[in-house]
Every structure is written in C-alpha cells, then in structure tokens.
Amino acid sequence: MTIKLHCFGESGHSYKAALALELSGLDWEPVKVDFFGGQGRSPEFRNDLNIMGEAPVMIDGDVRLTQSGVIQDYISEKTGKFGGRDAAERREILRWVLWDNHKLSSQAGMTRFLMNFLPEDKRPADVIGFMLGRLKAAYAVLDAHLAGRDWIVGDGVTNADLTCCGYLYYPEPFGFDRSAWPNIDAWLTRLSEQPGWKAPYDLMPGSPADRA
Ligand SMILES: N[C@@H](CCC(=O)N[C@@H](CS)C(=O)NCC(=O)O)C(=O)O
C-alpha cells in the first residue's frame with residue numbers, strides 16, 4: 001500500500017519526512033496541505049489528521065503519525081535504514097533529532113516564514129534580528145560538529161542528517177549562507193549526492209511561485 005504524506009513544498013519539517021521516505025525506497029506519495037489557505041487550522045484537519053495543526057502527517061494503512069522525527073523513526077523501523085547500528089548510535093541520533101527540532105529547524109522555519117511569507121509591512125524586524133542571532137549559534141554548533149566528519153552520526157546517512165538538513169536547501173533568505181559554514185556546506189553537498197536525493201520543491205507539491 002502506498003504511504004501518503006500530507007505535506008507542502010515550503011515545509012522543511014515535511015521535507016525531513018519526505019526525504020527519508022524517498023531515500024528509503026518506500027512506495028509513497030505526497031498529498032498537498034493548503035497551509036497558506038489555512039487548512040492546518042481547519043477543524044477537519046485537526047480532527048482527522050493532526051490535533052496539533054501541523055504538517056507533516058503520514059498515513060500508512062491504519063498507522064497515522066505526526067512529527068517528522070517520529071515518521072523518520074517509523075521509516076527506520078520498517079526499512080532498517082537511517083536508524084543507527086546500535087543503541088549508542090540510536091541515542092546519538094535521537095539527541096540530534098531533539099536538538100534540530102528545538103534549535104535548528106524550528107527556528108529556521110519560523111525565521112524564513114517571518115522574512116519571506118508574511119506581507120512585507122508585517123515583518124517584525126526586532127524578532128527577526130533576535131532569531132537570526134539564535135540561528136547563527138545553531139549553525140556554529142552544527143558546523144563545529146561536522147569538522148572532520150562526513151555524517152552527523154556514524155559513517156553513513158542517518159535520521160540525524162535527514163532532520164538537520166530540513167531547511168538548509170531552501171533558496172529563500174533566513175540568515176543561512178552556505179559559504180560561511182564550510183563543514184555544513186560540504187555535508188549538504190555529500191547528502192545531495194545520495195541516489196534519489198531531491199530538493200524540497202522537487203519532492204513535494206506547492207511552492208512560493210504558486211502564490212506569486
Ligand atoms: N516538530 C514538528 C514541526 C511541524 C511544524 O511546525 N510544521 C509546520 C509547517 S513547516 C506547521 O504545520 N505549522 C503550523 C503551526 O505552527 O500552527 C515536526 O518536525 O514535524
């Protein structure tokens with residue numbers, strides 16, 4: 001049965017799940033969430049898909065999952081891929097998934113939204129400035145960790161990589177300049193060379209061009 005991922009192109013959190021599905025080789029298809037039309041706030045979405053009002057949502061038969069990290073964990077359970085080789089690696093992957101959800105993807109997603117998707121006259125300069133400072137600290141952590149390593153955990157692609165890259169391939173500005181972070185830059189290139197890799201707007205339906 002084809003796995004369905006409710007997602008949208010602009011969503012880096014969705015990208016984390018979509019990329020894991022695509023690289024795992026599982027049979028899946030995206031279902032577009034009309035986030036900018038308010039679908040995530042609708043009672044139907046909250047009742048039928050996710051009470052948290054968030055994308056992504058994955059449906060695999062009777063299994064309905066939300067939170068990209070949980071979906072990634074499910075994909076690993078199902079395929080044996082990206083989940084680490086032993087308990088120590090699994091803990092280390094979880095550590096990076098939690099860090100990413102708190103310090104990297106959540107802040108990158110919010111900052112990118114404020115800087116690009118809010119109407120220009122509603123963009124809060126002070127908040128954006130604060131977020132850019134927080135993000136710079138997160139990029140520094142990731143760049144330092146990747147010094148001398150190919151992958152965040154162990155010697156191959158894991159969910160640690162698939163979560164931390166969530167927003168880092170997007171073209172819109174949110175204070176991330178790849179050339180300023182050479183270890184992140186090299187790691188993103190390495191990941192993009194994996195067979196089956198696709199950029200967010202090529203993997204999921206919806207892009208800013210739809211609203212231009
Ligand atoms: N930690 C969650 C974050 C999900 C999330 O915040 N998704 C955004 C779209 S990128 C959303 O649906 N936000 C709606 C809201 O915050 O109300 C995950 O990784 O799945």
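The values are calculated or read from the model by the stated rules, or taken from the named source; none is laboratory data. Since the model is a prediction, treat every value here as computed from it, not as a measurement. Please note: Cβ atoms are built from the backbone with ideal geometry, for glycine as well, and neighbour counts cover all protein chains shown.
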Checklist entry - Looking only at region 86-113, which residues are hydrophobic (A, V, I, L, M, F, W, C) and over 23 Å from V141 (Cα atoms)? => result A87
Next on the checklist: Among the numbered criteria (1) farther than 30 Å from K81 by Cβ; (2) in contact (Cβ under 8 Å) with a residue 60 or more places away in the chain; (3) among the aromatic types (F, W, Y), which one does F130 miss?
Outcome noted: (2)
Checklist entry - Only one residue in L98, L94, L114, L104 is assigned to a helix (DSSP H, G or I), closer than 25 Å to P182 by Cβ and modelled with pLDDT of 95 or more, so which one is that? => result L104
Checklist entry - Taking region 33-76 on its own, how many of its residues are surrounded by fewer than 19 Cβ atoms within 10 Å (Cβ to Cβ), of a type in the set (G, A, S) and under 15 Å from L5 (Cβ atoms)? => result 1
Item to check | From the options L94, L98, residue that is assigned by TED's automatic domain parsing to the domain that holds Y167 and within 11 Å of the ligand (Cβ to nearest atom) | outcome: L98
Checklist entry - Using beta carbons and a limit of 6 Å, which pairs, at least six apart or on different chains, have the first residue in region 174-202 and surrounded by 12 or more Cβ atoms within 10 Å (Cβ to Cβ) and the second one in a helix (DSSP H, G or I) and of a type in the set (S, T, N, Q)? => result F174/T111
Checklist outcome for this item: Of the candidates G109, G166, G148, the one satisfying the condition of being surrounded by 13 or more Cβ atoms within 10 Å (Cβ to Cβ), among the small types (G, A, S) and not in a helix (DSSP H, G or I) is G166
Item to check | region 105-137, residues that are within 11 Å of the ligand (Cβ to nearest atom) and out of contact with any Phe, Trp or Tyr (no Cβ under 7 Å at 6 or more places or on another chain) | outcome: S106, M110, F113, F117
Checklist entry - Name the strands (runs of 3 or more DSSP E) wholly within region 1-90 that hold at least 1 residues that are over 27 Å from P173 (Cα atoms), away from the ligand (no atom under 15 Å from the Cβ) and without any contact (Cβ under 8 Å) to a residue 24 or more places away in the chain? => result 63-66
Next on the checklist: So I152 ticks every box in (1) more than 26 Å from V33 (Cβ to Cβ); (2) at pLDDT below 95; (3) not charged (D, E, K, R) but one. Which box is left unticked?
Outcome noted: (2)
